[in-house]
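The values are calculated or read from the model by the stated rules, or taken from the named source; none is laboratory data. Note that this is a predicted model, so its numbers are computed, not measured. Note that we place each Cβ from the backbone using ideal geometry, even for glycine, and neighbour counts take in every protein chain shown. Each accessible area value is taken on the protein alone, full model and side chains, heavy atoms only, with ligands, DNA and RNA left out. Shrake-Rupley method; radii C 1.70, N 1.55, O 1.52, S 1.80 Å.
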Amino acid sequence: MLCTSTSLLFFPVNGSGMGHLTRCLAYARRLRERAECTFFSLSSAMDVVEEMDFEGDYFVSPFWSVNTTYDWNCELAVRFGMMLERTRPDVVVFDGTWPFQGFLAACRAYGRPLKLVWSNRGLLKKNAKTVPVDNSLFDLLIRPGELGSTPGEERTPEGVRHLHVPPVLLLDDADILSRAAAREQLGLRPEGRYALFSLGPGNLKDVSGPGLRLVREVQDAGLAVVWACAPISVRDVELPATVQPLSVYPVARYLLAFDMFVGAAGYNTCCEVAQAQIPSLIVPNTLLADDQMARARMLAAHAPVVVNPCETDVDAQTAVRQLLARTEQKDEAPCAIALNGANLAAEAIWQLAQQ
């Protein structure tokens, strides 16, 4: 049992995917030997937290609540306040687009010294909705970097340390299984040709239409298709009998089992593709607030990637043809940019806890 006097409480919100939860898990994994890490999550994937041997509590996201915004924030203030009393953290790490009023109210009402960290991924579209936030409410701001962004550190006008870190990954390179080991664990034939599809949970956009169009193209090229089922999906995609469903987390551990990858341009996915350097077709989701097209193009500069929205049959045919050409290029060079953002962010959180 971990013997430590340092307690950290992670609060990931519930987004369209697993990004917020995965980033907090990435920080917590690097801190678990030094601190007691607990989760208070709006993500329904709490089983993932428990499978990684962290304790946590679930609170329903405002997107799924029938309460008004005011009532939901009032209930959040009570529930999070109870969590603060139970865990007595030295530092609270909030990962989300903007902090909720109920969260801030609970932190203000807490009777012990408390340091606050805001982990906030950027790259929103120019017309995306933003909410003004008083940065002075926080002791540390962490900006998880995009691929190719410039790390650094600055002070905000309010005097708060703002740390820009490289891309944040859940797993280190040593955690990624080899091709043979990954195939053995997944029950895939050693000599087979496989494509992995991971187009997101489909909660905001129907992924079955473009997804199944691409499945047909990839199967016609002679590859068996495996479809990754998202942990937070609220409805299952009806897959053809020839497609094998896969429920694992994190998918990144098994990427090298596959000859190619087809996925959306979420933050986690793009960082993991860069880490694995697997030939990939990235299909940006244009319905989200983050600029997935811009992120996909950044990825294409650092990995063997084809970017195409695949909105028509012709798009899908062209994209798969280009992807097949990528698989023929036997370039096994590792990613040339730093991917150690989780380590740097975790160290900054630890240093803050010791102050």
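Side notes on the structure shown:
- Across Leu212, Leu186, Leu171, mean-square fluctuation computed from a Gaussian network of the chain (C-alpha pairs under 10 Å connected) peaks at Leu186.
- When you restrict to C-alpha pairs under 8 Å that are six or more residues apart and normalise by the size of the chain, the relative contact order lands at 17 percent.
- Within straight-line reach of Lys115, meaning a Cα separation under 17 Å, sit the following aspartates and glutamates at least 8 residues removed in sequence or on another chain: Glu36, Glu85, Asp90, Asp95, Asp134, Asp139, Glu158, Glu347.
- Whichever aspartates and glutamates have a C-alpha closer than 17 Å to that of Lys126, once near sequence neighbours (fewer than 8 apart) are set aside: Glu146, Asp290, Asp291
- Cα gyration tensor shape for region 107-202, rounded if a/c is under 1.5, else prolate or oblate: prolate
- The C-alpha atoms of the chain define a longest principal axis, and helix 19-31 lies at about 70 degrees to it.
- Structure-derived Kirkwood radius over Cα pairs in Å: which label, when the choices are (i) 25.3; (ii) 22.8; (iii) 21.2: (iii)
- Per-atom-type breakdown for region 224-300 gives carbon and sulfur 52% of the accessible area (1.4 Å probe, protein chains only).
- In degrees, nearest ten, helix 208-220 long axis to first principal axis of the chain (Cα): 40 degrees
- Share of carbon and sulfur in the accessible area of region 18-170 stands at 50%, probe radius 1.4 Å.
- Using a probe of 1.4 angstrom and keeping all protein chains present, the accessible surface of the chain works out to 46 square angstrom per residue.
- The amide H of Trp227, built 1.01 Å from its N in the peptide plane, has Phe197, Gln244, Leu246 as neighbours under 5 Å, considering only residues 5 or more places off or on other chains.
- Tensor-based shape of region 1-114 (alpha-carbon gyration tensor, a/c under 1.5 rounded, otherwise prolate or oblate): oblate
- Using a Gaussian network model of the chain in which every pair of alpha carbons under 10 angstrom is joined by a spring, one finds that among Asn67, Asn340, Asn127 the greatest mean-square fluctuation is at Asn127.
- Dimensionless Rg over Rh [region 227-330; C-alpha; Kirkwood]: 0.94
- Each stretch of four or more DSSP H residues adds -39500 (n - 2.57); spread over every residue of the chain, this sum gives -10000 deg cm²/dmol at 222 nm.
- When +1 charges are put on Lys and Arg Cβ atoms and -1 charges on Asp and Glu Cβ atoms, the dipole computed for region 268-324 relative to its Cα centre reaches about 200 debye.
- Global geometry of region 304-344, whether rounded, prolate or oblate, following the gyration tensor of its Cα atoms and the 1.5 cut on a/c: oblate
- Most positive-pole-ward Cα, Ala106, Leu199, Cys37, against dipole of the chain from beta carbon charges: Ala106
- Within a Gaussian network of the chain (alpha carbon springs, distance under 10 Å), most fluctuating of Leu287, Leu177, Leu169: Leu287
- Dipole in debye (nearest 20) - the chain, about Cα centre, beta carbon charges: Lys, Arg +1; Asp, Glu -1: 440 debye
- Qualifying GluC sites (Glu not before Pro) in region 122-194, DSSP loop, other Cβ atoms within 10 Å at most 11: Glu191
- DSSP beta bridges confined to region 114-228 are antiparallel in about 25 percent of cases.
- Using alpha-carbon coordinates, inclination of helix 313-327 to the longest axis of the chain, degrees: 90 degrees
- Summarising the strand pairing of the chain, around 10 percent of its internal DSSP beta bridges are antiparallel.
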